[in-house]
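Here the structure comes first, spelled out in structure tokens, and everything after it is commentary.
Read-outs throughout are calculated quantities, based only on the coordinates presented, and are distinct from any laboratory measurement. Worth saying up front: this structure is predicted, and the values here are computed from it rather than measured. Backbone-built Cβ (ideal geometry, glycine too); neighbour counts: all protein chains shown.
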Amino acid sequence: MSGQTASLVRAAWYRETGPASSVLEVGDLPDGMIGTPGPGDVALRIHASGINPADVKRRAGWGGLSMTHELIVPHADGAGVIEAVGESVTGFEPGDRVWMRNAQGGYGEAGRAYGTAAERICLPAEQVFKLPSSLDFAAGACLGIPALTAYDAVFADGSVGGKTVLVTGAAGAVGHFAAQFALSAGARVIATVSDAEKAAHVQSCGVDDIIMRHDEDVVARVLDLTDGRGVDRVVEVDFGANLEATRRLLKPHSVVAAYSSTAVPEPVLPYYDFAFCGATLRFVQGFLLTPDVLSNATTFIDGLAETGKLQVAIAARFPLERIAEAHEMVEGGTAIGNVVIEVP
């Protein structure tokens with residue numbers, strides 16, 4: 001790898017699925033395992049690695065997920081600097097600040113063994129994007145799954161200007177971006193949160209209509225806020241768990257964009273509740289964005305960032321050596337914002 005003199009790369013990895021404190025290791029891996037950039041690839045020096053629920057689910061073996069490689073360096077998202085470019089790569093050069101997505105591939109595929117929880121990796125250039133000058137590496141490491149998923153959930157079915165968008169779990173990483181994106185596009189946003197601290201977090205990005213889901217009747221409150229009309233869009237963090245409420249909140253031709261259903265992974269669908277209002281059910285998978293969506297999303301995110309209108313919430317930053325604690329924080333579900341590993 002051009003410019004690299006060390007023969008080892010500092011990284012975290014696991015060799016079997018299980019609890020973070022039991023299976024995660026930190027140490028040095030041979031450069032040869034990481035590889036050099038081939039045609040269409042770039043070599044990257046990682047400065048920050050973002051942790052998403054998908055990453056901890058893979059490591060834990062959630063839902064039967066199994067090892068697809070003998071050794072796995074975790075994490076899909078990150079940010080850093082281009083060190084070298086492979087043949088046929090255009091638009092990048094050494095020294096460029098960048099963020100990256102999908103470093104390990106999506107669910108249901110073997111993907112790559114080496115994610116961003118390492119000093120260096122190689123990735124296809126199509127998975128790497130220039131980092132806006134207004135964002136630091138930690139913020140860049142939060143754009144992959146959270147921001148891109150939020151963009152697809154909000155905009156995949158067209159403009160939200162003048163529409164009412166319900167964002168459930170709006171204090172979460174995806175929800176916080178979704179609320180900002182919908183507001184910036186001229187939508188009215190109604191958000192659900194679980195406590196006062198999270199309500200303040202969501203309010204700070206401009207949302208006025210906030211529902212405390214543990215203390216209020218969500219359906220009654222939404223209908224009151226909309227004069228009984230319901231909502232045009234729902235950006236849904238837990239489809240199955242919220243299905244009973246969702247079915248009662250929809251306007252004709254509304255859209256439900258669900259990006260997870262963790263609590264109830266096999267929900268029973270009340271077909272006619274959705275059919276009678278001509279609703280669209282969209283299942284959003286951030287690993288499977290089309291090139292057009294990806295291009296539009298990155299342009300949109302860059303624009304918000306460069307004008308100072310993008311809030312990237314970071315709950316905690318951990319050194320690589322404390323990666324197990326960082327995974328446990330994500331699993332605990334109490335962090336307000338993204339959890340990031342900083343790689344010196």
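Some observations on this one:
- All other residues whose Cβ lies under 12 angstrom from that of G40 are scored, Lys and Arg at +1 and Asp and Glu at -1, for a net of -3.
- For the stretch 1-142, the Kirkwood estimate of the hydrodynamic radius, built from every pair of different alpha carbons, is 15.2 Å.
- What the Cβ-Cβ distance of L281 and A220 gives, at R0 = 22 Å and to the nearest 0.05, is a FRET efficiency of 0.40.
- Loop-located GluC sites (Glu not before Pro) in the stretch 210-260 (DSSP state other than H, G, I, E, B) with a sparse environment of at most 16 neighbouring Cβ atoms within 10 Å: E216.
- For the options S261, S133, S184, a Gaussian network treatment of the chain with springs between C-alpha atoms closer than 10 Å singles out S133 as fluctuating the most.
- Packing, as the average of other Cβ atoms within 10 Å across residues, places the peptides 291-300, 37-46 in the order 37-46, 291-300, highest first.
- Helix-only [θ]222 nm of the chain, DSSP H runs n ≥ 4, -39500 (n - 2.57) each, per residue, nearest 500: -7500 deg cm²/dmol
- GNM flexibility winner over the chain from G80, G175, G32 (Cα, springs under 10 Å): G32
- Measuring between alpha carbons in the structure, the pairs from K130/K251; K198/K309; K57/K309; K130/K163 lying more than 29 angstrom apart are K130/K251; K57/K309; K130/K163.
- Computed over every Cα-Cα pair of the stretch 170-290 and binned at 5 Å starting from 0, the pair-distance distribution P(r) comes out as 2, 11, 20, 25, 24, 13, 5, 1 percent.
- Estimated translational D of the chain in µm²/s (Stokes, Kirkwood radius over Cα pairs; 20 °C; 1.002 mPa s): 104 µm²/s
- Loop GluC sites (Glu not before Pro), the stretch 1-87 (other Cβ atoms within 10 Å of the site Cβ: 16 or fewer; DSSP): E16, E70, E87
- As a rough guide to protection, the peptides 112-121, 206-215 ranked by mean Cβ packing within 10 Å, highest first, stand as 112-121, 206-215.
- Inter-centroid distance (Cα atoms) of the stretch 196-218 relative to the stretch 297-322, Å: 21 Å
- Theoretical FRET efficiency, 1/(1+(r/R0)^6), r = Cβ-Cβ of D273 and T68, R0 51 Å, to 0.05: 0.85
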